Structure formats: C-alpha cells, structure tokens
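Here is the structure we will look at.
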Amino acid sequence: MQETAELLKEHRLKATPQRIKIVSMLAEHGHISIEDLYNEMLKQFPSVSLATIYKNINQMIESGLIQEVKIPKTKSVFELIKEPHLHMVCDVCGKIEDICVGTDKIIEEAEKISGYRIKESFITLRGTCPDCQ
Ligand SMILES: [Zn+2]
Ligand SMILES: [Zn+2]
C-alpha cells in the first residue's frame, strides 16, 4: 500500500483509495481490462461508476504511470509502465503475458527502412501457451 501511494505521488497524482486500488490491481494482475477492473472495484467501492474509473485511468495514462495495451481482436487492457516488452497472447485461454525481448533492433531497422522516427511500438505475438499445448 505504502509503495503504491509513493508511486502515485511520484507521478503527481493524489493517492486516493480508488487510485491505490487500481494500481495495486494492475501490479497484481499485470494486465487488466476496464470491465474486469470495474467489477473488482465494485467489491470495495460499491458506488464507483465506470466513468470515474475511466477518468482515473486517463489521468494515470497522462501522467505516464500506466499505458493501454492494444491487442488485436481483443479488448484493450491496461498495465503499469515498465521496461519495453512484447506481449504474447494465447489463442486458447486468452491470457496475455509480457516477454522482455529487445525491440531496439526491430525499431532501428524499421527507422532505417522507413525514415520514420519511431516513438511507440506495440508488438503482439499470438500462439498457444505451454499450459494449452
Ligand atoms: Zn493458454
Ligand atoms: Zn505488458
């Protein structure tokens, strides 16, 4: 709890009970959709609205604490910002996992070929996870 409050303060966000709960759920689950977040929040804050959650999420995105992960053919999930990584999605059970594979070379190559200066990348790999094989 203490660490979560510190993390919020570092990002110039007031450590409200709802924000603390959102951040600790992201830390626990890794990736979570707005709907799942909302259902979990309701258990502790029965009067919370979906609009309030969106507002909090957007403030956390703006302050660079969390980011939206866009997964093709699936609803977006949110995660705490950490070192660059790729996402792997299991086609069978639908779980999303992080894999820390260096993307520098891919980005460098892409910049060289395209002439773009790349700011962001979202790389998703799909397949079958070890549990589902
Ligand atoms: Zn699986
Ligand atoms: Zn991730």
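Odds and ends about this structure:
- Filter result for Val101 (without any contact (Cβ under 8 Å) to a residue 40 or more places away in the chain, surrounded by 12 or more Cβ atoms within 10 Å (Cβ to Cβ) and over 30 Å from Thr16 (Cα atoms)): yes
- Filtered residue count, the range 87-110, keeping only those that are among the basic types (Lys, Arg) and out of contact with any strand residue (DSSP E or B) (no Cβ under 8 Å at 6 or more places or on another chain): 1
- Residue count for the range 13-33, restricted to those that are loosely packed, with under 12 Cβ neighbours inside 10 Å and closer than 29 Å to Leu86 by Cβ: 1
- Test: residue in the range 63-77 that is within 16 Å of ligand 1 (Cβ to nearest atom), free of Cβ contacts under 8 Å to residues at least 40 places away in the same chain, in contact with a strand residue (DSSP E or B) (Cβ under 6 Å, 6 or more places away or on another chain) and not in a loop (DSSP other than H, G, I, E, B): no
- Residue within the range 54-67 that is open to solvent by 20 Å² or more (accessible area, probe 1.4 Å), among the charged types (D, E, K, R), more than 29 Å from Arg126 (Cα to Cα) and in contact with a helix residue (DSSP H, G or I) (Cβ under 7 Å, 6 or more places away or on another chain) present: no
- Note on the range 117-133: among residues that are open to solvent by 100 Å² or more (accessible area, probe 1.4 Å) and free of Cβ contacts under 8 Å to residues at least 12 places away in the same chain, the one that is farthest from Lys70 (Cα to Cα) is Gln133.
- Residue among Val23, Val92 that is assigned to a helix (DSSP H, G or I) and within 30 Å of Asp131 (Cβ to Cβ): Val23
- Count of residues meeting criterion [open to solvent by less than 60 Å² (accessible area, probe 1.4 Å) and within 15 Å of the chain's Cα centre (by Cα)] in the range 81-94: 4
- Restricted to the range 92-104, and to residues there that are acidic (Asp, Glu) and farther than 12 Å from Ile71 by Cα, the residue that is farthest from ligand 1 (Cβ to nearest atom) is Asp104.
Per-residue answers, yes or no, for (1) surrounded by fewer than 14 Cβ atoms within 10 Å (Cβ to Cβ); (2) at negative phi:
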{"position": "Glu35", "(1), (2)": "yes, yes"}
{"position": "Thr52", "(1), (2)": "no, yes"}
{"position": "Glu79", "(1), (2)": "no, yes"}
{"position": "Ile96", "(1), (2)": "no, yes"}
{"position": "Glu111", "(1), (2)": "yes, yes"}
{"position": "Gly115", "(1), (2)": "yes, no"}
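The values are calculated or read from the model by the stated rules, or taken from the named source; none is laboratory data. Note that the coordinates shown come from a computational prediction; the quantities given were computed from them, not determined experimentally. FYI the Cβ positions are ideal-geometry reconstructions off the backbone, even for glycines, and counts take in every protein chain you see. Quick note on the areas: whole protein, heavy atoms, side chains included, nothing else; ligands and nucleic acids left out. Shrake-Rupley method; radii C 1.70, N 1.55, O 1.52, S 1.80 Å.
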